[in-house]
Structure formats: C-alpha cells, structure tokens
Amino acid sequence: MSALLGELKVEVRYLREDNEAQAAKVRELELQKTELDKLKEQYQAQSQELISIKAKTNTTENQVEALKREREVKQVAFSASLLAAGSGTVGPFNTHTPLVFRRVVSNIGNAYNPHTGFFIAPVRGAYHFEFYIGAHGHAAHPTGAVLIKNGEHIFIAYEHQNSHYGSSANGVTLLLEVGDVVFLRQWVNSRIFDNENHHSTFSGHLLFTM
C-alpha cells in the first residue's frame, strides 16, 4: 500500500511539473501572440502611413504639374506683320475681309494662328492688343481695319488721303474668356500697304489672368 502511495505521489509530482511546464508554454505563446498583435498593429499603421504619404506625394505632383501648366498658359504674347516678304498692297475688296498677318515675329504660347489671322484666348484674363495700318494715299480707296472680338466690332483704325504715305493705329484692352477669338478685318473697299519695313502689324499679349 505504501509503495502504491509512493508511486502515486511521484506521478502527481510529474503531472504537476508537466502542468507547470505546459502553463509556462501557454504563457510564452500568449506573450508571442501579444507581440505578434503589436507587430500587426504597427504594420497596419505603417501601411496606412505609406498610403497617406503616397496620396500626399500624388497631390504634390499634381499641384506641381498644375503650376507648370498655369505658368505656361500665363506666357502669351504675339506680334506679326502683314506680308510674309516683299512689298505690296492688300485689297481693295468689295466686302469686309479678315486680315492674315503672315510674318510672325513672336508667338509665345502659340495663341495666334498665322494661317487664319485669328488669336484664340487660351486662358481667361485681360489682354492688350495693338494694330498699325500703313497706306499709300488714293482718292478712291481709304485704309482701314477693324478689331473684331467674336464677331463684334470693337475698335477701328482708319485713314483716307489722296496721296503720299499715311498710317493709322489703335489699341484696346479686352477681358477674354477661354476660346474667345480676336482678329482684324479689312474695311470694305480699302487698301493696306506693307513692305520689308513692316508698316502694318498686329500684336497682343496677356496682361494677367482672372
């Protein structure tokens, strides 16, 4: 009987030690799980931070591109003379006729089209235009050109003398919307002179955006 009790005590001691060892392993596993949970939270936080950084980077890149485009659009200016080369007179015509200034001196922003004579506003803003019209005097034919905005008669430069050289000029500042068209229209029955000295010119530039 005493031997059996001794064996039971030994077995109980082994079981207790085994339970303690298993309990220690459980605690260790729980600690490991806690550490893993912390690492998982840190990873998720870092992932969110990376997503936020990426979003901010994309926003910054978009802002930089927008500023570049805005800077490019703000650089708008052109100047051109009537004849591409040589000397001559344009007109007279029996109707008002669009003028095409073919010799382009500058065309920053490419808003002026030397094939049509049209200036098309690339951005909303205040623009200033000037035009000079040269002429040889003629009893039957004056010299005149009208600045047109979207089909509307704005300002005219007009000269009429019987002989000798003459000229006329005008200028205007206009508020233009994107896509507005500005050009010069030759006055009916008029003549306009130009040569290598470039007496007849059309110029414009953006003052500021709005």
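Observations on the structure shown:
- In the chain, inverting the average of 1/r over every pair of distinct C-alpha atoms gives 23.2 Å as the Kirkwood radius.
- Derived scalar couplings ³J(HN,Hα) [the stretch 176-182; Karplus, 6.51 cos²θ - 1.76 cosθ + 1.60; whole Hz; x for Gly, Pro]: 10, 8, 4, x, 4, 10, 10
- Taking the C-alpha atoms only, the angle from helix 2-74 to the longest principal axis of the chain is near 0 degrees.
- Net +/- balance of residues flanking residue 55 in space, Cβ distance below 15 Å, scoring K and R +1, D and E -1: 0
- Near residue 81, once Lys and Arg are set to +1 and Asp and Glu to -1 for all other residues with Cβ below 13 Å from its Cβ, the sum equals -1.
- Residue-count net charge about residue 172 - beta-carbon cut-off 10 Å; Lys, Arg +1, Asp, Glu -1: 0
- Hits among aspartates and glutamates - C-alpha to C-alpha of residue 149 under 18 Å, sequence gap 8 or more where chains match: 130, 177, 180
Throughout, read-outs are computed from the coordinates displayed, never taken from laboratory work. The structure displayed is predicted, hence computed values, not measured ones. Backbone-built Cβ (ideal geometry, glycine too); neighbour counts: all protein chains shown.
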